1. With respect to Ile37, is the statement that it is under 17 Å from Lys171 (Cα atoms), among the β-branched types (Val, Ile, Thr) and either open to solvent by 70 Å² or more (accessible area, probe 1.4 Å) or more than 14 Å from the chain's Cα centre (by Cα) (or both) true?
2. For the stretch 173-189, indicate whether the set of residues that are in a helix (DSSP H, G or I), under 16 Å from the mean Cα position of the chain (by Cα) and touching a residue at least 24 places away in the same chain (Cβ under 8 Å) is non-empty.
3. Go through the stretch 140-157 residue by residue and tally those that are open to solvent by 10 Å² or more (accessible area, probe 1.4 Å) and part of a loop (DSSP other than H, G, I, E, B).
4. Considering only residues that are farther than 17 Å from Leu181 by Cβ, polar (S, T, N, Q) and surrounded by 10 or more Cβ atoms within 10 Å (Cβ to Cβ), which ones fall in the stretch 124-139?
5. Please determine, by comparing only the residues of the stretch 105-119 that are under 23 Å from Met169 (Cα atoms) and hydrophobic (A, V, I, L, M, F, W, C), which one is nearest to the chain's Cα centre (by Cα).
6. Which residue pairs have Cβ atoms closer than 8 Å, lie 6 or more positions apart in sequence or on different chains, and pair a first residue in the stretch 222-238 that is closer than 16 Å to Arg148 by Cβ with a second residue that is aliphatic (A, V, I, L, M) and not in a strand (DSSP E or B)?
7. Take the stretch 203-254 and flag every residue that is modelled with pLDDT of 95 or more, among the hydrophobic types (A, V, I, L, M, F, W, C), open to solvent by 60 Å² or more (accessible area, probe 1.4 Å) and not in a helix (DSSP H, G or I).
8. Filter the stretch 164-176 down to the residues that are surrounded by fewer than 19 Cβ atoms within 10 Å (Cβ to Cβ) and either of a type in the set (Val, Ile, Thr) or under 25 Å from Ile218 (Cβ atoms) (or both) and list them by number.
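The values are calculated or read from the model by the stated rules, or taken from the named source; none is laboratory data. In this text the structure is predicted, and so the values were computed from the model without any measurement. Here Cβ is always computed from backbone atoms with ideal geometry, including for glycine, and neighbour counts include all displayed protein chains. Areas reflect the complete protein model, heavy atoms only, side chains present, ligands, DNA and RNA absent. Shrake-Rupley method; radii C 1.70, N 1.55, O 1.52, S 1.80 Å.
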Amino acid sequence: MTDGLRQFSLSQIQSDESACREYLRLIPTGVSFELAISAAFTLCPELEEFCRINQQKFNGLGSRDKGNMGKMVEFFIFGQLPDTDPNPDLSWGADIKATHFKTIWGNGMAAKERLTITNVGNTDDYSTFDPLMDTDSLQSSKYYPKLRRGVLFVFEFTSGIYNTIEDNMQKTLLCFFAYDLDEMPTGITSQLDADFEDIQDRVATRRVSQRGQIYLHIHPHGSKGDKTRALGFKNKFVTKLVSIMTGYPITVKGNSWFIKKRYFEDDG
């Protein structure tokens, strides 16, 4: 024990949901990611040792990788090197994700971008979409375990599309939480189901598009011109998800949904 705080093993963080949730509750928000990592190392000395031993492997992360914030969370908070395993990142069933909130309307914050979850096919070969089509519902889809549960870290957007590891260390960690789509309000799950049906219809008619989908959409993923398509949460749904999980109310202004900055500041 250190200063009265419980300490955790790396195995507990990765494989024990109850222990992981307790570990996360003890990491501060409203501080730089660097300070949050320092707190995580205090809670799990084994994590600090893992990061020290594997730092050289992790330093191969490209600065021109839009997903480098999520990879940093995986490495420095959960003790995992990035991989291409299609299963959820944490063995207790959650995927690790990171996103950014930007300032809008002066006093509001909202998701800057969609949250990509998993690749589902390529429009150059529609047979690659067979697993998406061979299911009666979103919940029975092979992709649902990746969609259903996650741990989402939300950072304040500063500037630029690509940031170095050093830049990311100074970003403010606004909040984070574990979520489960099976525990969402009925209105949310109904819309996710409707979006999934629309996606299947568009694949069946070979007119794949994200047009008209509200919470869940199918979108291009990869370099410019790549025909790979992925399932992702639309940015408005990411904002809605943060509102649901934190209890911070959403303000609607025109077509914009946002959470007032003061809620994140008060929490920090």
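1. So Ile37 passes the test.
2. The answer is yes, given that some residue of the stretch 173-189 is in a helix (DSSP H, G or I), under 16 Å from the mean Cα position of the chain (by Cα) and touching a residue at least 24 places away in the same chain (Cβ under 8 Å).
3. 4
4. Passing the criteria: only Thr128.
5. Leu115
6. Correct list of pairs: Leu231/Leu147; Leu231/Ile199; Phe233/Leu241; Phe237/Ile214.
7. Of everything in the stretch 203-254, just one residue is modelled with pLDDT of 95 or more, among the hydrophobic types (A, V, I, L, M, F, W, C), open to solvent by 60 Å² or more (accessible area, probe 1.4 Å) and not in a helix (DSSP H, G or I), namely Ile214.
8. Thr164, Ile165
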